[in-house]
Amino acid sequence: MENRISTETCNKCGACCKNFPYIELSQNEINLLEQATALHFAVFTNLKGNAVKEYFLQFQANGDCFFLNENKGRYSCGVYDARPEICKNYPSKLGQKKACKTNREESLSKYPG
């Protein structure tokens, strides 16, 4: 699976993929991630609760998404084509869009071109 981000707004800062510990996954999203990665869902999920078989996406110890890749300060999604709907729809709120715009402007000043 190719690591890419297709929006013009994105500057690959990875801020949207850090410290969001409660990304609920549907069974369909889990199936797509298993197919894309060849990993069993237990590797990249956390059980929501003992009473129900619902799952959250697992995050790394540093708060980064399990599938977030970093290369020289630039970030990419390791499961871009199979990413959950919440990720596909980001940024959807005004505050998220403003944060992306600010991060993009900062990134362009650090990494022109």
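As a rough footprinting exposure proxy, the listed residues PHE66, PHE56 were ranked by other beta carbons within 10 Å of their own, and the order from fewest upward is PHE56, PHE66. Fewest neighbouring Cβ atoms within 10 Å first, the residues ILE23, ILE30 line up as ILE30, ILE23. Legend: ranking of residues THR45, THR37 from fewest to most surrounding C-beta atoms inside 10 Å; resulting order THR37, THR45. By the rule of a C-alpha distance below 29 Å, with chain neighbours fewer than 8 residues away ignored, the lysines paired with LYS97 are LYS12, LYS18, LYS48, LYS72, LYS88, LYS110.
None of the figures in this text is laboratory data; all of them are computed from the coordinates on show. Note that this is a predicted model, so its numbers are computed, not measured. We place every Cβ from the backbone using ideal geometry, glycine too, and count neighbours over all the protein chains shown.
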